[in-house]
1. Take the residues in the stretch A:291-313 that are more than 9 Å from chain B (Cβ to nearest Cβ) and buried (at least 23 other Cβ atoms within 10 Å of the Cβ), then tell me which one is nearest to residue A:104 (Cα to Cα).
2. Sort out which residues of the stretch B:37-86 are among the small types (Gly, Ala, Ser), surrounded by fewer than 18 Cβ atoms within 10 Å (Cβ to Cβ) and either touching a Gly at 6+ places or on another chain (Cβ under 8 Å) or not in a helix (DSSP H, G or I) (or both), and write them in order of number.
3. Answer with yes or no whether residue A:165 is hydroxyl-bearing (Ser, Thr, Tyr), more than 30 Å from residue A:78 (Cα to Cα), surrounded by 23 or more Cβ atoms within 10 Å (Cβ to Cβ) and touching a Lys or Arg at 6+ places or on another chain (Cβ under 9 Å).
4. Which residue out of A:124, A:133 is within 14 Å of another protein chain (Cβ to nearest Cβ) and either surrounded by fewer than 20 Cβ atoms within 10 Å (Cβ to Cβ) or closer than 19 Å to residue A:358 by Cα (or both)?
5. Only one of these conditions is not met by residue B:42: (1) within 14 Å of chain A (Cβ to nearest Cβ); (2) modelled with pLDDT under 95; (3) more than 23 Å from residue A:246 (Cα to Cα). Which number is it?
6. Which residues, counting only those in the stretch A:24-42, are in contact with a helix residue (DSSP H, G or I) (Cβ under 6 Å, 6 or more places away or on another chain) and surrounded by 17 or more Cβ atoms within 10 Å (Cβ to Cβ)?
7. Just checking, which of A:230, A:178 is within 14 Å of residue A:388 (Cβ to Cβ) and not in a loop (DSSP other than H, G, I, E, B)?
8. Conditions: (1) more than 12 Å from chain A (Cβ to nearest Cβ); (2) surrounded by 19 or more Cβ atoms within 10 Å (Cβ to Cβ); (3) among the β-branched types (Val, Ile, Thr). Residue B:21 meets all but one. Number of the miss?
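The values are calculated or read from the model by the stated rules, or taken from the named source; none is laboratory data. On a predicted model such as this, the values are computed, not experimentally measured, just so you know. FYI the Cβ positions are ideal-geometry reconstructions off the backbone, even for glycines, and counts take in every protein chain you see.
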Amino acid sequence: MSFTTVTPLGKPLPPILLHQTQKQPPAAFFEAWRQQPEFINEIDGHFATVLVDDDGTYHLLRDPLGVHKLFFAFDPERGFAWSPLLHALREAGYPPRTIWSLPSACCARFNPSQRRWSLQRYREWDYGAWSGESATTITGRIRARLDRVFAQLAAALGDIPVWVTLSGGLDSTGIAAMARRFFSKVEGVTFALDLDRRHVAAGEDLHYARLAADHLSIPLREIHVDGDTMAEQLNNALIHGQDWRDFNVHCALVNACIGAHGDLPPGSVLLTGDTMNELVADYSPVPFAGQTFYPLPRLKPGRLRRFLVSGLDSGDREVGVFHHFDLTAIQPYALCADAYTALPDAWLANDDAKSALVRQVMGDLIPAAIYARPKVRAQVGNDQQQGGTLAAMVARGINGDHLKERFAAQLNCAPAFLDSFLRAGIYRSPLGPDQIWADPSA
Amino acid sequence: MTANTEVAEKLESYIRAQFFVADDDDFFTRDVHLWKEGYVDSTGAVEVIAFLEDEFQIRLPDEVLFDPNFTTINGMADRVAGLIHG
């Protein structure tokens with residue numbers, strides 16, 4: 001049986017594939033998976049692909065955390081198509097009701113002529129698997145996992161310059177510290193909204209980003225943007241961030257500003273600290289201007305993290321947005337998800353749980369001032385006063401309803417469709433072939 | 001009492017309490033579409049799933065969120081009862 005790769009609609013997104021010993025082109029990895037499905041358990045990375053075999057069966061595959069997106073569509077008139085970009089399928093004329101997503105950590109077989117659809121989950125996260133282990137054992141394992149992922153990345157990428165998006169928080173500083181050890185040329189890039197370069201308050205992200213870069217002896221590229229310039233990136237943030245929910249849009253806006261600024265050479269690789277907050281459930285709602293933004297399910301952190309992690313299925317705030325600007329984003333924490341999800345629930349229970357964990361894993365690779373920094377969500381400015389992207393958007397009347405209507409307009413669909421397409425952080429996938437041929441909710 | 005009824009009763013009580021459904025809301029029944037009619041939003045959907053999993057010691061797959069039957073209290077109760085009895 002021979003297989004061919006199905007070219008996606010829109011701009012192809014190069015996969016990031018890691019294997020413990022082998023270094024091969026992506027096509028070889030995917031062919032090995034088709035020949036021997038169990039091979040998928042040896043691969044880590046960010047990837048989404050579709051192969052088709054001789055009898056017209058499509059084989060769909062998506063990475064374990066859903067970092068890369070895989071949307072597909074079928075209707076009898078247009079046939080089958082897929083894309084990492086939802087918008088591309090709409091532009092190709094597929095009606096919203098014909099569009100689906102392959103869930104994270106899944107592979108599927110789809111044969112249109114035989115009306116067959118089967119879905120298989122190839123990986124489950126074992127939450128809390130390390131309960132009962134000592135702190136030293138747990139932190140040692142996490143550090144070993146990070147070391148291994150960075151060694152694999154260095155082997156896969158070769159000796160290229162890498163960039164780190166540095167916010168001055170624990171997550172991004174940890175990535176920069178690891179990158180510094182495994183790559184010979186590392187540069188930081190940071191973003192500041194409406195700041196005077198000469199007068200940076202001690203609580204600002206930029207202050208800490210400079211401090212981290214200095215501690216790690218890496219150059220830091222600063223991108224300064226005003227609120228109006230940021231708002232101009234809203235369409236890019238929505239289309240390529242593939243979500244309308246404010247917490248993802250605000251993050252996507254920052255990345256769109258970095259990409260649009262043009263300081264980074266096309267094709268650059270960016271390592272980011274994203275997904276750590278999901279893996280250790282380190283989020284909280286933000287009160288601002290009499291409202292509560294970024295609401296969360298009312299669950300304890302140990303319970304919440306499963307849903308935050310599965311919610312990574314939706315939204316493309318980093319990879320998709322940077323890809324639009326010809327930049328490749330890699331999320332090393334996502335590649336260590338098996339280690340972080342194994343953390344016992346009790347490790348997540350305290351407000352300073354992440355700081356304590358990172359301190360034990362990273363030690364003095366991260367400067368003391370960053371451990372001591374008051375916790376601030378990246379999109380809300382500094383610890384003295386809520387501001388940042390959130391305030392800039394609220395000041396321009398860009399609220400949740402506006403984002404939803406604008407995203408729906410870009411996709412040329414009704415806002416109500418969005419509620420049926422993305423629910424509780426998951427893009428919709430078909431339960432069986434009948435749904436693909438006739439979606440009763442359409 | 002059947003397993004479905006027991007699940008439906010517990011789920012109805014949970015939703016009424018957690019999502020502030022008024023006692024005199026005649027529109028709210030065990031067959032009302034919880035998402036479309038706005039009784040439970042996207043964030044609340046996660047809470048409902050967590051409740052069902054914890055209360056009945058089951059694991060619901062993510063895909064259940066798009067099951068056309070998993071939109072009402074009775075539909076959810078059927079699915080959960082099916083999982084309880086394997």
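1. A:309
2. Those that are among the small types (Gly, Ala, Ser), surrounded by fewer than 18 Cβ atoms within 10 Å (Cβ to Cβ) and either touching a Gly at 6+ places or on another chain (Cβ under 8 Å) or not in a helix (DSSP H, G or I) (or both): B:38, B:86.
3. In short, no.
4. A:124
5. Condition (3) is where residue B:42 drops out.
6. Residues satisfying the conditions are A:32, A:33, A:40.
7. Only one candidate passes the filter, namely A:230.
8. (2)
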